[in-house]
Amino acid sequence: MAEKNDSAKPIAELTPARSGKVMQVERHDYPDLAPVNRKRAQPMRGFDEVYTDIVDYIVRCTHKIWDERDIGLIYSHYTHNCVLYGTTGTLYTREEVVRDTIQRLVSFPERRGMATQVIWKGNEDDGFYTSHLVTGTGRHTQNGHLGAPTGRMFTSRTVADCMIYENKIYREWVVADTTAILQQLGLDVQAYAQRIATASFDKGLVSLDIGENRHMIGQYPPEAEADLSLASTETERHTLRWMHDVYNRKMLGTIASVCAPTVQYHGPLMTELYGVASVIHQTLGLIGSLPDAAFTPQHICSNPCEEGGEKVAVRWIMEGHHLGYGILNHLGAPTGKRVQVMGISHFHYKNGKIVDEWRTYDEASMLVQVKLAQMADRKAAALTAPN
């Protein structure tokens, strides 16, 4: 006898709070994602009793800290020596995470961060890894890290990848689309990047160009095969293969074979585009700005999706030089400066094809790196100039 399709089940059985499975986020309301008196759905040694599975943990504690303003939960949900990797800097202690959270909420007291999806892997013995895509909305009403209030509204996407063990996050990667916020608030992206670069430069930091990256060794072409050691499933291996072909081998026609004709692209600056051609163009534009960049996946995980198919999350790094023109308009004319891009992509596969891609990276971060390198050049020129 064939199994019944989920769509034939009563709505009550599909509600995460009533299911014995690990929860999913996409088509559920927040009260269902933070249930009361739900039984624990997976082993979670050391986690607070309120959390019933790892998705409940990351959605609920994020909501409590950022939306309910229980910032002090960071003390019980982060280790004292946690490391948070951001697109314009790294935080190395829990106290820095607390201070950074407070300052962001000072500027945006009305901000709300809505979970879009959570893709995860792990268990209570090895720890958990979550890739949490959040759509944030708010209004700039207070003086703070972005200057005087503009009173304007904003919407932006952020992805936070967390490594968690016994209720505490000990490592986190946050890719926030800062440029989207700045543009919607009417703020000068160039001035923002200059301020961040100057603060870093005053601390003695410079962007060092270390020469060629590992994209091509000497005069050899890029590696023909992708490194699949990060993958655990065939879908993950397939994803790493085609991303290597597109980003390292520059075989952009591959996109047409892996995406559905109706694919939707959710990109930086809150870009919403449809169709294979748009995904190819956005990818070509990113590569065009850094044509010698090496693309390196850092982590991949996947889950079956109750909407059908699978969801895959990939955290990646691109390292190269600003040698060309592309969709990174704020970088302007090619400067030749070395740039590192930290990005996170989420994909939804149905019937073997990608029907949605969420791609997040921060153009402002790249602009900061270019300006910092230019400041280092001017200092070096001044030191070597004849008296």
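Scanning segment 224-241 for any residue that is modelled with pLDDT under 95 and over 23 Å from Ser302 (Cα atoms) turns up at least one such residue.
For segment 78-114, filtering for residues that are within 28 Å of Arg359 (Cα to Cα), in contact with a strand residue (DSSP E or B) (Cβ under 6 Å, 6 or more places away or on another chain) and in contact (Cβ under 8 Å) with a residue 60 or more places away in the chain leaves 8.
Comparison of Ile58, Ile74 shows that the only residue that is among the aliphatic types (A, V, I, L, M) and in contact with a Cys (Cβ under 8 Å, 6 or more places away or on another chain) is Ile58.
When restricted to residues that are buried (at least 17 other Cβ atoms within 10 Å of the Cβ) and among the hydrophobic types (A, V, I, L, M, F, W, C), segment 99-126 contains 6. Only one of the listed residues (Thr88, Thr130) is surrounded by 17 or more Cβ atoms within 10 Å (Cβ to Cβ) and under 30 Å from Glu307 (Cβ atoms). That residue is Thr130. Of all residues in segment 321-341, those satisfying the criterion of being outside any loop (DSSP other than H, G, I, E, B) and either hydrophobic (A, V, I, L, M, F, W, C) or in contact with a helix residue (DSSP H, G or I) (Cβ under 9 Å, 6 or more places away or on another chain) (or both) are Asn329, His330, Leu331, Arg338, Val339, Gln340, Val341.
Of all residues in segment 247-265 being within 13 Å of His281 (Cβ to Cβ) and within 23 Å of the chain's Cα centre (by Cα), which is surrounded by the fewest Cβ atoms within 10 Å (Cβ to Cβ)? Only one residue fits best here, namely Leu252. Taken over segment 303-320, the criterion of being within 18 Å of Val258 (Cβ to Cβ) and surrounded by fewer than 23 Cβ atoms within 10 Å (Cβ to Cβ) is satisfied by Cys305, Gly308, Gly309, Glu310, Trp316. Considered as a group, the residues in segment 221-242 that are in a helix (DSSP H, G or I) and in contact with a strand residue (DSSP E or B) (Cβ under 7 Å, 6 or more places away or on another chain) include one that is farthest from Ala294 (Cα to Cα), and that residue is Thr235.
Beta carbons closer than 7 Å, at least 6 apart along the sequence or on distinct chains, pair a first residue in segment 296-314 that is in contact (Cβ under 8 Å) with a residue 40 or more places away in the chain with a second that is of a type in the set (Lys, Arg) and surrounded by fewer than 18 Cβ atoms within 10 Å (Cβ to Cβ) for Glu307/Arg27; Gly308/Lys350; Gly309/Lys350. For segment 341-375, filtering for residues that are modelled with pLDDT under 95, polar (S, T, N, Q) and within 18 Å of Gly285 (Cβ to Cβ) leaves 1.
In segment 347-365, the residue that is surrounded by the most Cβ atoms within 10 Å (Cβ to Cβ) out of those that are assigned to a helix (DSSP H, G or I) and in contact with a helix residue (DSSP H, G or I) (Cβ under 6 Å, 6 or more places away or on another chain) is Glu363. The set of residues in segment 84-142 being assigned to a loop (DSSP other than H, G, I, E, B) and of a type in the set (Lys, Arg) consists of Arg111 alone. Just one of the listed residues (Lys64, Lys4, Lys21, Lys39) is at pLDDT 95 or above and among the basic types (Lys, Arg), and it is Lys64.
The values are calculated or read from the model by the stated rules, or taken from the named source; none is laboratory data. Since we're looking at a predicted model, the values are computed, not measured. With ideal geometry, Cβ positions are generated from the backbone for all residues, glycine too; neighbour counts draw on all protein chains shown.
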